[in-house]
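The values are calculated or read from the model by the stated rules, or taken from the named source; none is laboratory data. Note that the coordinates shown come from a computational prediction; the quantities given were computed from them, not determined experimentally. Cβ placement follows ideal geometry from the backbone for every residue including glycine, while neighbour counts extend to all protein chains displayed. Protein only, heavy atoms only, side chains kept; ligands, DNA and RNA dropped before computing areas. Shrake-Rupley method; radii C 1.70, N 1.55, O 1.52, S 1.80 Å.
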Amino acid sequence: MIKCQVVMEAMERIAPRILAEEWDNPGLLIGDPAQKINKIITCLDVNEAVVNEAIEKKYDMIISHHPFIFHALKKIRTDLPMGKLIQKLLKNNIAVFAAHTNLDSAKGGINDMLCELWHLHNVQMLNVNFAEELVKLAVFVPKSHAKAVRLAIGKAGAGYIGNYSYCAFEMQGMGHFLPLAGTNPYIGEIGKIASVDEVKLETILPAKIKDRVVRAMVKAHPYEEAAYEIYPLKMTGETAGLGRIGELEKVVPFEEFAAMVKDTLQIDHIRLVRTNDREIKKVALCSGAGAEFLSTAKMRGADVYITGDVKYHEAQKAQELNINLIDAGHFGTEYLVAKALAGKLDTYAKKNKWNIEISYDKVAKDPFVML
């Protein structure tokens, strides 16, 4: 048994909330961060079937991709579908959490899952909408404690540059200070100017973890008052965004590629807009409804663009741009998230010895049926 807050922290690692679009509504939608969790079920949508299963099998928490509460609620009518489900969830003390566009954009999220499913390589983000803010930390420390402080801030997450960690630079110099009355100096005496061989340590870190890094630095620092500086940087760290673009191992005919997409997604139908006879090598995609990135896919040189919820005029636009288009459906491009997210959480749970049960919705179906 763990607290809901612990699960929320794990989801923040899997799909950081900062990656969500401004219009989105991810996070804890129903429930108390302090409530106890024994069983979790993941799903694409929170609907009557999922809620009833959660009640029947005594799940304490539902984690969905699509937010159960999306638009502002002005009233809760328990005689209507939405209000009835809210009533059931509250009555049975079931927490509801959503990871939506933040899970679309996150590394290892839905778009990356599709890239793995179709064996794409040289994968890049199709539309970058987030760049991690970086800052530089400079701290002055006596030479005797330079290594301890350097390792402490590295362990706290500072010093990552690409695939390298604990990156730092140090420069030796002389520090001068006068301990005043009421102080308890580690080096020197009250009322006398002290001169100490010191090291200036410099490293970079994401701005979002600066408080954590400073706490680790202060804890390892011997001085009563650690002298340090934090500078904003124009350079940025990791990026994130909706959609991906990558390449197949070898070129394939459009029909063969389309059939592969249909088979791997295990769906009954797809819609195609064929605009040319070009074989498929470079593939762009966006899970859910991503027709807005059609022009970006063309500009980035994609031979085909895959998304869902394509409208008539968007299909016409694909023809105008001369780019092949596959509409694999909103459900079709996202239903795999339930099983994959359960797997990610289960791995996290075992690593951290949560001792809870995690399952996923196995009966979800696309609301659209083709005759």
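Of all residues in segment 296-336, which are among the charged types (D, E, K, R), open to solvent by 20 Å² or more (accessible area, probe 1.4 Å) and not in a loop (DSSP other than H, G, I, E, B)?
Correct list: LYS298, GLU314, LYS317, GLU320.
Scan ILE326, ILE306 and give me the residue that is modelled with pLDDT of 95 or more and over 16 Å from GLN124 (Cβ atoms).
On the way: ILE306 fails: over 16 Å from GLN124 (Cβ atoms).
Testing whether each residue is modelled with pLDDT of 95 or more and over 16 Å from GLN124 (Cβ atoms) leaves just ILE326.
In this structure, is TYR305 without any contact (Cβ under 8 Å) to a residue 24 or more places away in the chain and in contact with a Leu (Cβ under 7 Å, 6 or more places away or on another chain)?
On the way: without any contact (Cβ under 8 Å) to a residue 24 or more places away in the chain: yes; in contact with a Leu (Cβ under 7 Å, 6 or more places away or on another chain): yes.
In short, yes.
Out of the residues in segment 1-37 that are of a type in the set (Gly, Ala, Ser) and open to solvent by 30 Å² or more (accessible area, probe 1.4 Å), state the one that is farthest from THR347 (Cα to Cα).
First, pick out the residues of segment 1-37 that are of a type in the set (Gly, Ala, Ser): 10, 15, 20, 27, 31, 34.
Adding the requirement that they be open to solvent by 30 Å² or more (accessible area, probe 1.4 Å) leaves 31, 34.
On the way: GLY31: 24, ALA34: 22 Å.
The residue in question is GLY31.
When you scan segment 308-327, how many residues do you find that are touching a helix residue (DSSP H, G or I) at 6+ places or on another chain (Cβ under 6 Å) and under 28 Å from ALA49 (Cβ atoms)?
Going through segment 308-327 one residue at a time, the tally reaches 3.
Tally time: how many residues in segment 281-295 are buried (at least 22 other Cβ atoms within 10 Å of the Cβ), among the aliphatic types (A, V, I, L, M) and closer than 19 Å to LEU265 by Cα?
Count: 3.
Name every residue in segment 232-252 that is open to solvent by less than 70 Å² (accessible area, probe 1.4 Å) and either more than 18 Å from GLY162 (Cβ to Cβ) or without any contact (Cβ under 8 Å) to a residue 60 or more places away in the chain (or both), in order of residue number. Explain how you work it out, then say what you get.
Just the residues of segment 232-252 that are open to solvent by less than 70 Å² (accessible area, probe 1.4 Å), to begin with: 233, 237, 239-248, 252.
GLY241, LEU242, GLY243, ARG244, ILE245, GLY246, GLU247, LEU248, VAL252, listed by residue number.
Among what's in segment 103-142 and is more than 12 Å from the chain's Cα centre (by Cα) and of a type in the set (S, T, N, Q), pick the residue that is surrounded by the fewest Cβ atoms within 10 Å (Cβ to Cβ).
As a first pass, look at segment 103-142 and keep what is more than 12 Å from the chain's Cα centre (by Cα): 113-129, 131-142.
Okay, now just the ones that are also of a type in the set (S, T, N, Q), so 122, 124, 127, 129.
Values: ASN122: 8, GLN124: 14, ASN127: 18, ASN129: 15.
Here the residue is ASN122.
I want to confirm something. Restricting to segment 147-162 and keeping residues that are in contact with a Ser or Thr (Cβ under 8 Å, 6 or more places away or on another chain) and among the aliphatic types (A, V, I, L, M), which single residue is nearest to ALA220 (Cα to Cα)?
Filtering first and then ranking leaves ILE153.
Are any residues in segment 303-351 over 13 Å from PHE293 (Cα atoms) and hydroxyl-bearing (Ser, Thr, Tyr), and if so, which ones?
Matches in segment 303-351: TYR312, THR333, TYR335, THR347, TYR348.
How many residues does segment 135-170 contain that are modelled with pLDDT of 95 or more and either among the hydrophobic types (A, V, I, L, M, F, W, C) or closer than 30 Å to ALA297 by Cβ (or both)?
17
Can you tell me which residue in segment 171-216 is surrounded by the most Cβ atoms within 10 Å (Cβ to Cβ), limited to those that are in contact with a helix residue (DSSP H, G or I) (Cβ under 6 Å, 6 or more places away or on another chain) and within 12 Å of PRO142 (Cα to Cα)?
LEU201
Looking at this structure, is LYS107 touching a residue at least 60 places away in the same chain (Cβ under 8 Å), part of a strand (DSSP E or B) and not polar (S, T, N, Q)? Can you show your working first?
Working: touching a residue at least 60 places away in the same chain (Cβ under 8 Å): yes; part of a strand (DSSP E or B): no; not polar (S, T, N, Q): yes.
No, not satisfied.
Do you know which residues across segment 178-231 are under 25 Å from the mean Cα position of the chain (by Cα), at pLDDT below 95 and assigned to a strand (DSSP E or B)?
Correct list: PRO206 only.
When you look at MET61, is it touching a strand residue (DSSP E or B) at 6+ places or on another chain (Cβ under 7 Å) and open to solvent by 20 Å² or more (accessible area, probe 1.4 Å), yes or no? Spell out the reasoning first.
On the way: touching a strand residue (DSSP E or B) at 6+ places or on another chain (Cβ under 7 Å): yes; open to solvent by 20 Å² or more (accessible area, probe 1.4 Å): no.
Considered against the rule, which asks whether it is touching a strand residue (DSSP E or B) at 6+ places or on another chain (Cβ under 7 Å) and open to solvent by 20 Å² or more (accessible area, probe 1.4 Å), MET61 comes out as no.
Here is a check on your reading of the model: is ILE40 of a type in the set (A, V, I, L, M) and either within 25 Å of ASP104 (Cα to Cα) or open to solvent by less than 50 Å² (accessible area, probe 1.4 Å) (or both)?
On the way: of a type in the set (A, V, I, L, M): yes; either within 25 Å of ASP104 (Cα to Cα) or open to solvent by less than 50 Å² (accessible area, probe 1.4 Å) (or both): yes.
Here the answer is yes, as ILE40 does meet what is asked.
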